[in-house]
Amino acid sequence: MKQYKRLIKALISPNVMVDSVLDINLEDYYTKGFRQIFLDIDNTVVGLTEATCNLDIEHWINTAKKVGFQVFIVSNNISWIRIYKVAKQMNLSGYYFAAKPLTFTGDFIHQKHQLDHQKTLVVGDQVLTDVIFGNWMGSYSILVDPIERKSNKIKKAQYKLENSLLKWVGLK
């Protein structure tokens, strides 16, 4: 049982947990050798009912690009229009219906742009998709608190399960 718990802990444990993407010290991560950011959209940088990034998030993404990061939107959202709007607003490449935690889309982006998995920050609000996605690729996963706690019943149940798992492995 201990090996099983260790395996689950390694898979679901983010490298870092922060309140918001705004709390991520971009210069520090760049100095440590990270060069790209795979950024979730829904409830990570844009609220569930919003169509575009607010000015604080826009400034953070522009700062990331100025520091030297390549930033990619990687979302499970099936609405290409939603992803396109945010990608266009921020002048980013956007990938929708990514099927996270499966790594197909991440591997495709790494191969297409000749990137190194180990130099990638994966930022998102969900353990069962974003964190596992990042960890499974061998990237550095950063879990942020969701922007909106008000969500549908499925998301509420998922967040509850994720919190229970994080408590079970001693991270909350």
Inset, instruction - Could you check which residue among Ile24, Ile81, Ile147 shows the biggest mean-square fluctuation in a GNM of the chain with a 10 Å Cα cutoff? - result: Ile81
Legend entry - Value of Rg/Rh across the range 12-168 [Cα atoms, Kirkwood radius]: 0.93
Inset, instruction - Treating only the Cβ atoms of Lys and Arg (+1) and Asp and Glu (-1) as charged, compute the dipole magnitude of the range 70-143 about its Cα centre; round to the nearest 20 debye. - result: 280
Legend entry - Of Asn77, Thr129, Ile57, farthest towards positive along the dipole that unit charges on Lys, Arg, Asp, Glu beta carbons give the range 12-168: Asn77
Legend entry - Tally of Lys pairs whose C-alpha atoms are under 26 Å apart, taken over the range 1-144, 8 or more apart or cross-chain: 25
Legend entry - Charge dipole (debye, nearest 20) of the chain; +1 at Cβ of Lys and Arg, -1 at Cβ of Asp and Glu: 600
Inset, instruction - Name all residues of the range 68-99 having a backbone nitrogen under 13 Å from the label point set 7 Å from the Cα of Glu58 along its Cα→Cβ direction, giving them as ranges. - result: 86-91
Inset, instruction - Take Trp136, Trp80 and order them by how many other Cβ atoms sit within 10 Å, fewest up front. - result: Trp80, Trp136
Inset, instruction - With springs only between Cα atoms under 10 Å apart, run a GNM on the chain and tell me which of Lys112, Lys155, Lys66 wobbles the most. - result: Lys112
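Bear in mind that the values in this text are calculations on the coordinates, not laboratory data. Note that this is a predicted model, so its numbers are computed, not measured. Cβ: placed from backbone, ideal geometry, glycine included. Neighbour counts: every protein chain shown.
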